[in-house]
Each structure stands twice: as structure tokens, then as C-alpha cells.
Amino acid sequence: YYINNDSTKTVTLDGYLEAPTGKLTIPSTVSIHGVNYTVNTIGSSAFWSCNGLTSVEIPNSISSIESYAFSDCSGLTSI
């Protein structure tokens with residue numbers, strides 16, 4: 001899930017439909033209804049308890065990782 005800010009054309013990555021597993025590559029941009037947004041924040045508890053997540057690749061566009069973003073991800077070994 002993304003929370004978009006139309007005035008700045010940025011989004012917060014706020015969660016998921018299905019818990020990701022394995023390696024997750026967070027995109028630096030996403031298109032929502034044909035409009036491109038920069039992914040600049042990983043929201044609070046965005047990946048809470050994603051135990052199947054083993055690694056995360058975070059793009060340079062991310063300027064903020066909020067509290068507990070990867071809390072209780074017991075399988076996470078690298079970021």
C-alpha cells in the first residue's frame with residue numbers, strides 16, 4: 001500500500017497486500033493512475049512481522065524509515 005502526496009509527488013510505502021517473502025526490492029518510483037511518484041518513506045510498521053522476508057534493498061530515494069518498519073521480521077538477515 002502507498003499513501004500518496006499529490007502536492008509533492010511522493011509516496012509513503014505503508015504496507016502490503018500479501019506479506020513479502022525472500023528478497024524485497026523497494027522501487028524508487030511508482031505510478032498511480034498514470035502519475036509517477038517518488039517513494040521517499042517507509043511507513044511505521046510497514047513490514048511488521050514479515051517473517052518470510054530475508055533481505056531488503058532500499059533505494060536512494062528513501063529519506064525516512066519510520067519506527068518499527070521492520071519490527072519482528074525474524075527472517076531478515078540483510079538490508
Mean separation of Cα contacts under 8 Å (at least 6 apart) over the residue count of the chain, i.e. the relative contact order in percent, is 30 percent
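Around S44, with a cut-off of 12 angstrom between Cβ atoms, what is the net charge of the other residues, counting Lys and Arg +1 and Asp and Glu -1?
Numbers: positive: none; negative: D14, E66.
Taking every Cβ under 12 Å from that of S44, the sum is -2.
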When the convex hull of the C-alpha atoms of the chain is computed, what volume per residue in Å³ does it have? 81 Å³
Tell me, what ³J(HN,Hα) does each residue in segment 50-58 have, in order and in whole Hz, if you take phi through Karplus 6.51 cos²θ - 1.76 cosθ + 1.60 with θ = phi - 60° and put x for Gly and Pro? 7, 5, x, 6, 9, 8, 9, 9, 10
For segment 37-43, take each phi angle, set θ = phi - 60°, evaluate the Karplus expression 6.51 cos²θ - 1.76 cosθ + 1.60, and give the result in whole Hz per residue in order, putting x for glycine and proline. 10, 8, 7, 10, 9, 9, x
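Among bridges DSSP assigns within the chain, what percent are antiparallel (round to 5)?
On the way: 8 of 19 bridges.
Approximately 40 percent, going by the DSSP bridge assignments.
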Per GNM of the chain with C-alpha springs under 10 angstrom, the most fluctuating residue out of G43, G34, G52 is G34
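All of the numbers you see were taken from the coordinates with simple rules; none came from a lab. For clarity, every value in this text was computed on a predicted model and none was experimentally measured. No Cβ is skipped: glycine too gets one built from the backbone with ideal geometry, and neighbour counts run over all protein chains shown.
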